[in-house]
Each structure stands twice: as C-alpha cells, then as structure tokens.
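**Student:** One structure is given below, represented as structure tokens, and several questions about it will come after.
The values are calculated or read from the model by the stated rules, or taken from the named source; none is laboratory data. Bear in mind the structure is a predicted one, so any value in this text is a computation, not a measurement. Here the Cβ positions follow ideal geometry from the backbone for every residue, glycine too, while neighbour counts run over all protein chains shown.
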Amino acid sequence: MRIATAGLLLVMGSVLVAQQAAAPAVAPTNSAPNPYQTVEGWAKMPEGRAWGSTSAVDIDRDGTSIWVAERCGANSCWDQAAGKASPLDTVLHFDATGKLIKSFGAGLMVFPHGIYVDGDNNIWVTDGQDNMPRRARGAAPTDPLPEMKVPVIGHQIFKFNKDGKLLLTLGKAGGNQPNQPIDPGSFYQPNDVITNSKGEIYVCEGHSDTAPARLIKFDKSGKFIKEVGKRGTGPGEFIQPHAFAWDSKGRLFVADRSNNRIQIFDQDLNLLETGWQQYSRISGLWIDKDDMLYAADSESGSVAPARKDWTRGIRIGSIKDGANGAIRAFIPDPATAPPSTSAAEGVAVDKNGVIYGAEVGPKALKRYVRK
C-alpha cells in the first residue's frame, strides 16, 4: 500500500512538474512601484584602491554589516599578462556606514563569484574561473591544456572564519577540465554555495550556457554526497544555475538564470517546483525572514537580447503569493542601453530592510533604502 501510494504521488508530482514546465512565458513585470532611493559611493575602499566587479554580497550575523567578494579592482584577480595574482585582498567586511572593518584572501582566487555567511559566521566564497590561458577559439575540448609555469588555481570553494583563517577548501585546484576525468566533488565554474542548519553544503555549478550545469551536495566535512541535474531546459535541468536562497520552510530556491526561472528543491535535492518566471533572468537571490523574495536581473536586454522587453533591476515579491504571484516592488536599472551587464547581480538585505546590490558592469556596491 505504501509503495502504491508513493508511486501515485510520484506520478502526480511528475505531471505537476510537467505542467509547470509547459506553462507559457509570462509578460514582462516592469511596472511595479519603486519605494527605494539609491545610495552610491557609501562603502569606502582603502586609499588608492578602486572598486572592481563584484557579484558577491551577504550580511553578517550581526544583521547590519556587509561581506563582499570583489575582483581586485578589475573583473579578475589574475593578471594573465604578468602571470601572477593580484596582491589585493578579495574578501571585504564593511560596517553599515561603509567603513572597512577587515579584508583577506589575497592570492587565493581568480574570479570570486558567490559569497555566503553561515550560521556560525563563517564566510564561504566560490571562485568561478581558473588562471590557465584560454584555449584558442574553436579548439576541441580534447585539446591538451597549456602547461603552467605557476601553480594552477581556480574553480574552488573556500570557507573562512570571520578573521580570515582558511577552514576548508572544496574541489581540486583548477577544477574539472574538459579533457580530464570528472571528479564529482570538484567543480567547473561554481557559482554559489549555501549551507543548511546541519552544516550540509550545497553548490550550483555552470556559469556559461555551454558549461555543465548541476547541483552538488556535501556533508559538513566536505565529503561528496550527491549531484542532480544537467544542462537543459526541462524540470530539474539548468542553464547557468546562478544563486541560492532558503525560504522559511527550508526549501532551496535556485536561480536558473538562462532558463529565466526559479526551481525549488528539498534538502535532499528532490525537485519540488519549477516556474516562477515573473522574476525574469535572475542572477542574485535573497529571501528574508518574512518570505519576501528579492531577485536581481543584471542581463536582460544586453547580455540576453531575447529579453529586450524586460527591464533589468531588483524585483521584490512574496513567496506566499506562489509561482504566479505579483511583483510588489521593482528597483529598475538606471542605465537604459548598456553594452553589457548592468544593475545588481548579487543582492542581500539586512535586518532593517536595507538592500545591497553587487554590480559587475558598473563595478560598485549600491545601497537601497526606503524613501
């Protein structure tokens, strides 16, 4: 009886997911009110240092100070011409006034991409590229990698305590390359990382539309448990799974960026729901204690010209309204026709409702406060 019931539920769930996947695309949601004003230039870099690209922002467990992973004044922390890493720290901690509290992480990463502050105030950062010279355009995936005269770095995930001590590294340096045997516990273009209340670790992987795409789960010590998903458009498949967030029920929301949707999983990585297209092409996700969802779209209309009718910016809605819920507020990108990514890619919200947007194209960390 239990087996039959489970089978029936599985079939019903499969039908539901198929129906959701087949749902027509929604109309652009560009017209919600904007109750926020933008504050620029509030976070102060050390003397002589300029902001680089950043997609990584999170809130400290104190509820108000901010952690950022920044790309060394540029869009990479690796100087390919010089063959060496930048001497600048990549992980920065600011108080709510914009004063720099501390920094660390120099020399470890090429392309800091995602950041997460766990329940013990440990700081997790994903590194989404490596320092190997790029293959020539048109090279076969089986072509040998170039020999390196310096140690290979990249495609790893680092766990620090808040003083900058390295506690754990996930994945092998240089990651899973196309011409090498795949290690399921290593990565190629890891985008984001998050942990649950047990300390189990979740990673989403695949930053380009042609890269492998999957979710990976580890135990709290970093031991590989399982992986799900592949590159594709069906339920449980991904193209650029880019960001994570938990809701109040402990469900894992995944920004499936190039599929222009959110997919929802349980903590064993079983697919619960797919759809949620009203938040557009999502680069960054945040869910607050009241289940308000903040989604950052930094690519519609420029990187993704097929989304030309969608305005970039931060869309805000309630999870309680469901997969077809209305967008309640919208902070639009002030740039109307930038040549590349613009507006926030990463998003975080402090305990007072102040929103922070980490920007790749404009190279900035903006602050949004209620008018």
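**Student:** For segment 281-306, what are the residues that are modelled with pLDDT of 95 or more, over 15 Å from the mean Cα position of the chain (by Cα) and of a type outside the set (A, V, I, L, M)?
**Tutor:** Passing the criteria: ASP288, LYS289, ASP290, ASP291, SER300.
**Student:** Then there is this: Return the total of residues in segment 286-332 being of a type outside the set (S, T, N, Q) and buried (at least 23 other Cβ atoms within 10 Å of the Cβ). Lay out the reasoning, then the answer.
**Tutor:** So in segment 286-332, the residues of a type outside the set (S, T, N, Q) come out as 286-297, 299, 301, 303-310, 312-317, 319-323, 325-332.
If we keep only those that are buried (at least 23 other Cβ atoms within 10 Å of the Cβ) too, we end up with 286, 293-297, 299, 312-317, 331.
Number of matching residues: 14.
**Student:** Among the residues of segment 271-280 satisfying the criterion of being outside any loop (DSSP other than H, G, I, E, B) and modelled with pLDDT of 95 or more, which is nearest to PRO338 (Cα to Cα)?
**Tutor:** Narrowing segment 271-280 to residues outside any loop (DSSP other than H, G, I, E, B): 271-275, 277-279.
Checking which are modelled with pLDDT of 95 or more leaves us with 271-274, 277-279.
On the way: LEU271: 36, LEU272: 36, GLU273: 34, THR274: 30, GLN277: 23, GLN278: 22, TYR279: 20 Å.
Only one residue fits best here, namely TYR279.
Here's the yes/no breakdown for (1) among the aromatic types (Phe, Trp, Tyr); (2) modelled with pLDDT of 95 or more; (3) not in a loop (DSSP other than H, G, I, E, B):
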| position | (1), (2), (3) |
| --- | --- |
| THR336 | no, no, no |
| SER340 | no, no, no |
| GLU345 | no, yes, yes |
| GLY357 | no, yes, yes |
| PRO362 | no, yes, no |
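**Student:** Another question about this same structure. Could you please tell me which pairs satisfy a Cβ distance under 6 Å, a separation of 6+ or placement on different chains, a first residue in segment 338-350 that is on the phi > 0 side of the Ramachandran plot, and a second residue that is small (Gly, Ala, Ser) and in a strand (DSSP E or B)?
**Tutor:** Pairs that qualify, where the first residue is on the phi > 0 side of the Ramachandran plot and the partner is small (Gly, Ala, Ser) and in a strand (DSSP E or B), are ALA343/GLY313.
**Student:** How many residues are buried (at least 16 other Cβ atoms within 10 Å of the Cβ), within 20 Å of the chain's Cα centre (by Cα) and either among the acidic types (Asp, Glu) or more than 27 Å from ARG251 (Cβ to Cβ) (or both) when one looks only at segment 154-171? Give the steps one after another, and end with the answer.
**Tutor:** First, the residues of segment 154-171 that are buried (at least 16 other Cβ atoms within 10 Å of the Cβ): 154-160, 162, 170-171.
Checking which are within 20 Å of the chain's Cα centre (by Cα) leaves us with 154-160, 170-171.
With either among the acidic types (Asp, Glu) or more than 27 Å from ARG251 (Cβ to Cβ) (or both) added as a condition, the list becomes 154-156, 160.
Count: 4.
**Student:** Further question: PRO235 is checked against (1) part of a loop (DSSP other than H, G, I, E, B); (2) under 30 Å from THR169 (Cβ atoms) and fails just one. What number does that condition carry?
**Tutor:** Of (1) part of a loop (DSSP other than H, G, I, E, B); (2) under 30 Å from THR169 (Cβ atoms), only one is false for PRO235: (2).
**Student:** Before we move on, is ASP95 at pLDDT 95 or above, more than 15 Å from GLY175 (Cβ to Cβ) and of a type in the set (Asp, Glu)?
**Tutor:** yes
**Student:** Okay, moving on. Tell me which residues, restricted to segment 65-105, are of a type in the set (Val, Ile, Thr) and either surrounded by 14 or more Cβ atoms within 10 Å (Cβ to Cβ) or not in a loop (DSSP other than H, G, I, E, B) (or both). Spell out how you get there, then give the answer.
**Tutor:** Initially, segment 65-105 is screened for residues of a type in the set (Val, Ile, Thr), giving 66, 68, 90-91, 97, 101.
Selection gives ILE66, VAL68, THR90, VAL91, ILE101.
**Student:** Hey, among the residues in segment 347-367 that are touching a Leu at 6+ places or on another chain (Cβ under 9 Å) and of a type outside the set (A, V, I, L, M, F, W, C), which one's surrounded by the most Cβ atoms within 10 Å (Cβ to Cβ)?
**Tutor:** Checking each candidate, the answer is GLY357.
**Student:** List every residue pair whose Cβ atoms lie under 8 Å apart, where the two residues are 6 or more positions apart in sequence or sit on different chains, the first residue falls within segment 237-249 and is crowded, with 23+ Cβ neighbours inside 10 Å, and the second residue, located anywhere, is in a loop (DSSP other than H, G, I, E, B) and among the hydroxyl-bearing types (Ser, Thr, Tyr).
**Tutor:** Listed by first residue and then by second, the contacts come to GLN240/SER208; HIS242/SER283; ALA243/SER283.
**Student:** Now for a different question. Please state which one of ARG367, ARG312 is among the basic types (Lys, Arg), closer than 23 Å to GLU40 by Cα, touching a strand residue (DSSP E or B) at 6+ places or on another chain (Cβ under 6 Å) and without any contact (Cβ under 8 Å) to a residue 40 or more places away in the chain. Before the answer, list the steps.
**Tutor:** Values: ARG367 fails: without any contact (Cβ under 8 Å) to a residue 40 or more places away in the chain.
Exactly one of ARG367, ARG312 is among the basic types (Lys, Arg), closer than 23 Å to GLU40 by Cα, touching a strand residue (DSSP E or B) at 6+ places or on another chain (Cβ under 6 Å) and without any contact (Cβ under 8 Å) to a residue 40 or more places away in the chain, namely ARG312.
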